[in-house]
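See below for the structure under consideration.
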Amino acid sequence: MKFSKASTRNTWESVAHATEQVRNGSLDPALSAWVNAQGFALDETVFSSVCRFDEGIYTGTLVDHRGHAWEFFADLNDPQNCDLEDVTDTLGPKSPDHPQADLCDKVTMALLYQREKQLAA
């Protein structure tokens, strides 16, 4: 997808980078395994961002193959302390279809990225 603004291109590249790091395990192979164990196919899942809080503790937002946005908290040291929530219905302007959508928002861009990659497949 071509964008005229550098800020929008940077957001696309940021989403692509986060997605690739989780997919190939270079961020943390255990995080990639956790995402897969939650039922998400890594090659069809897009990550708007992933934040490492501490050793083995991550939070972020992902978009699944159906275009649903999920917020997650993964404590890989304590699997009972993990959380995953489908937040699709509460996206509002983060949805690329919303008239006030901001393509510089990483969640918005992850949703758009997922759609574009799905169309290209």
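A few remarks follow.
- Working note: Cα gyration tensor of the chain, eigenvalues times five, square-rooted, sorted largest first, giving semi-axes of 24, 15, 13 Å.
- In the chain, Cα pairs under 8 Å separated by at least six residues give a relative contact order of 23 percent.
- Cα-projected label distance for CYS51 with ALA33, points at 7 Å along beta-carbon direction, nm: 2.6
- Built amide H within the under 5 Å cut-off of SER49, gap 5+: THR61
- As a proxy for reagent exposure, SER14, SER48 were ordered by neighbouring Cβ count within 10 angstrom, fewest first; the result is SER14, SER48.
- Karplus-derived 3J(HN,Hα) values for region 33-48, using 6.51 cos²θ - 1.76 cosθ + 1.60 with θ = phi - 60°, are 5, 4, 4, 4, 5, 7, x, 9, 6, 4, 6, 10, 10, 10, 10, 6 Hz; glycine and proline are entered as x.
- If R0 is taken as 41 Å, the Cβ-Cβ distance between LEU76 and LYS2 corresponds to a FRET efficiency of 0.65.
Here, each number is a calculation from the coordinates, and none is a lab measurement. As the structure is a computational prediction, the values presented were derived from the model and not from experiment. All Cβ positions, glycine included, derive from the backbone under ideal geometry; neighbour counts span all protein chains shown.
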